[in-house]
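The values are calculated or read from the model by the stated rules, or taken from the named source; none is laboratory data. Keep in mind the model is a prediction, meaning the values are calculated, not measured. Neighbour counts run over all protein chains shown; Cβ positions are idealised from the backbone, glycine included.
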Amino acid sequence: MAAKKLRRARLSQELCERLSRHQITTCQDFLCLSLLELMKVTGQSYYDVQKLLCKVSRACAPKMQTAYEMKLRKSVNPSSAFLSTTLHSLDKVLHGGVPCGSLTEITSPPGCGKTQFCIMVSVLATLPVSMGGLDGAVIYIDTESAFSAERLIEIAGNRFPTYFDSDEKLFCMTRSIHLYRELTCGSVLKRIMSLEEEIISKKVKLIIIDSVASVVRKEFDTKLQGNLAERSNFLAKGASVLKYLAEEFSIPV
Amino acid sequence: MQRDVGGLPLAPALRARLVAAGFQTAQELLETGPCGLSKEIGISKEEALEALQVVRQECHGDAARTAGGSGATRKCTALELLEEEQAQGFIITFCSALDNILGGGVQLTKITEICGAPGVGKTQLCMQLAVDVQIPECFGGVAGEAVFIDTEGSFMVDRVVDIATACVQHCQLIAEAHQEEDHLKALETFCLESILSHIYYFRCRDYIELLAQVYLLPDFLSEHSKVRLVVVDGIAFPFRHDFEDLSLRTRLLNGLAQQLIIIANDHKSAVVLTNQMTTRIGQSQSILVPALGWQHCTNHRVRRSQLYHITLHLMASEMCNLQLSLKMQKILK
């Protein structure tokens, strides 16, 4: 949205050319300038510049929705709002399961079973909707190299013996879990940025990152001064992209 | 009328030409007329007419202001201001300790900033306010609508449904106790659907969308004149990452704050901002301060802009913590 070119914001051709001579080509550049600077750059009067500002803002601003519309949209599809974890007490506490369309964070002391939980949830996501799953692919970003395919098959076979009765079904399930091994913060971020196309092409219904903390702790030593800012920068950037993906595609992350 | 040509809001190129041609005051321009102006400076007659219209508008604005009419720079006594401020409505928060500290609730025409550590209840408070602003006047509310600008994505419709249901029940109890005509009439329109349809929600993903939305807010508010509350949940979040140029960030934030002040005053609505806390690492100790150095802004402008700074140290202050949990129970009931 911010990188939208001014051309597409319905500004006149000559105005766009004039602005590009001052290196202002996107809405972001335009909105970051003050009114006086805009007057100087566009050569127009105060009131005209205000009108231009409104035009450009309209091109970038988000759409309005009332809370009522949001509620209606949610109530139309209640089953798609959560991914049930099949652990009854957990589902009760979470009011249905892992919520779709938002970021869920699982934290615990080491050895509690976070990775096992992630593997199980990946199996669940590949199940058809009739069995409580999401009938889609899974993207699993692994930073600790803790994912084991054998364990995956073991869990699937033991929990749903009736469904995974043939080897073919197991292979089908494993084919839809896409594993990415990333070992540095930079590669994790790059991978997250590239996920949008993959989600659409592979019909992904669940994104798992296991785990964010380990890769951050490895790279950023909080005792050094500058690292704190860089670390929070990385985390905030990653979080905002993941939130955008979760909301845009209504999938759990 | 004696306004200097250099100070008129015309296009810079035109202004430069006028000054070069020797025009000094607005009066001279108006006397010359469009045809004369176009001949002297070498612009078309239409451009000259446009420029003169702008000048005339400015001069009328000035004249109205000096005559003491309504405008941005009217003068009045402090007593008048006091009476006006006291007559302003409040948006109650349903937490009596908080209402006491705020002097009755969140005040209209003022900006209230709520900072706190993550998880302390800032978004919940904002959602509560978005429902409370709609309470009808006979129950002590301001009967307004709410604009909710969300930058973090933490707005939960289900929670708002819970809060609104509890609020309606609360008003129903009051109506039953008092049994007055206007209470029952107001209750007919004060229901879950109407509450939800009067919360206007905008999801801004980055700071450009936030800036664009705030530029468009005055137009939106003139279309929806019943709006009495503007909530910006997470004003710090989009500015905290991905910003190399800190001076640009400060400038944009100051501009944002000024626009919100204008909105609060012109449209008689309350503006509520939530801010994150960050750690300022000092020589001997680290303290939690509101993010983005906002504190400096507010200290400078406390006098003019009426910016209230409420730091919800909900972990430290026992009283607040207690009352806030009381409120949560009330709503859940």
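Listed values, structure above:
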{"quantity": "Residue ID - farthest from A:LYS5 (Cα to Cα), chosen from residues in the stretch A:35-79 that are polar (S, T, N, Q) and facing chain B (nearest Cβ under 7 Å)", "calculated": "A:THR66"}
{"quantity": "Meets criteria (closer than 26 Å to A:ARG159 by Cβ and facing another protein chain (nearest Cβ under 8 Å)) for A:SER102", "calculated": "yes"}
{"quantity": "Residue in the stretch B:207-238 that is nearest to A:CYS32 (Cα to Cα), counting only those that are part of a helix (DSSP H, G or I) and more than 10 Å from chain A (Cβ to nearest Cβ)", "calculated": "B:LEU221"}
{"quantity": "Residue within the stretch A:190-211 that is without any contact (Cβ under 8 Å) to a residue 24 or more places away in the chain, in a loop (DSSP other than H, G, I, E, B) and within 28 Å of B:TYR207 (Cα to Cα) present", "calculated": "yes"}
{"quantity": "Residue check for B:VAL232: closer than 27 Å to B:ALA117 by Cβ and not polar (S, T, N, Q)", "calculated": "yes"}
{"quantity": "Test result for A:LEU134, in contact (Cβ under 8 Å) with a residue 60 or more places away in the chain and in contact with a strand residue (DSSP E or B) (Cβ under 6 Å, 6 or more places away or on another chain)", "calculated": "yes"}
{"quantity": "Per-region count, the stretch A:181-209, residues out of contact with any Phe, Trp or Tyr (no Cβ under 7 Å at 6 or more places or on another chain) and either within 15 Å of A:ALA125 (Cα to Cα) or not polar (S, T, N, Q) (or both)", "calculated": "20"}
{"quantity": "Residue among A:SER187, A:SER232, A:SER240 that alone is away from chain B (no Cβ under 14 Å) and either at negative phi or assigned to a helix (DSSP H, G or I) (or both)", "calculated": "A:SER187"}
{"quantity": "Top-ranked residue of the stretch A:204-229 - restricted to ones that are within 11 Å of another protein chain (Cβ to nearest Cβ) and farther than 20 Å from B:PRO238 by Cα, ranked as modelled with the highest pLDDT", "calculated": "A:GLN225"}
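Each row is one residue, and each column tells you yes or no for (1) under 20 Å from the mean Cα position of the chain (by Cα); (2) within 19 Å of B:PHE155 (Cβ to Cβ); (3) not aliphatic (A, V, I, L, M); (4) not assigned by the TED database to the domain that holds A:SER240.
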| residue | (1), (2), (3), (4) |
| --- | --- |
| A:LYS55 | no, no, yes, yes |
| A:ALA67 | no, yes, no, yes |
| A:VAL76 | no, yes, no, no |
| A:ALA81 | yes, yes, no, no |
| A:HIS88 | no, no, yes, no |
| A:ASP91 | no, no, yes, no |
| A:LEU94 | no, yes, no, no |
| A:GLY97 | yes, no, yes, no |
| A:CYS100 | yes, yes, yes, no |
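Each row is one residue, and each column tells you yes or no for (1) part of a helix (DSSP H, G or I); (2) in contact with a Pro (Cβ under 8 Å, 6 or more places away or on another chain); (3) surrounded by 14 or more Cβ atoms within 10 Å (Cβ to Cβ).
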{"site": "A:GLN44", "(1), (2), (3)": "no, no, yes"}
{"site": "A:GLN50", "(1), (2), (3)": "yes, no, yes"}
{"site": "A:LEU53", "(1), (2), (3)": "yes, no, yes"}
{"site": "A:VAL56", "(1), (2), (3)": "yes, no, yes"}
{"site": "A:ALA59", "(1), (2), (3)": "yes, no, yes"}
{"site": "A:LYS63", "(1), (2), (3)": "no, no, no"}
{"site": "A:LYS71", "(1), (2), (3)": "yes, no, yes"}
{"site": "A:LYS74", "(1), (2), (3)": "yes, no, yes"}
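Every residue, every condition in (1) more than 11 Å from chain A (Cβ to nearest Cβ); (2) within 30 Å of B:PHE239 (Cβ to Cβ); (3) surrounded by 15 or more Cβ atoms within 10 Å (Cβ to Cβ), yes or no:
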residue	(1), (2), (3)
B:ILE149	no, yes, yes
B:PHE155	no, yes, yes
B:VAL160	no, yes, yes
B:VAL168	yes, no, yes
B:LEU173	yes, no, no
B:HIS178	yes, no, no
B:ALA186	yes, no, yes
B:LEU192	no, no, yes
B:TYR200	no, yes, yes
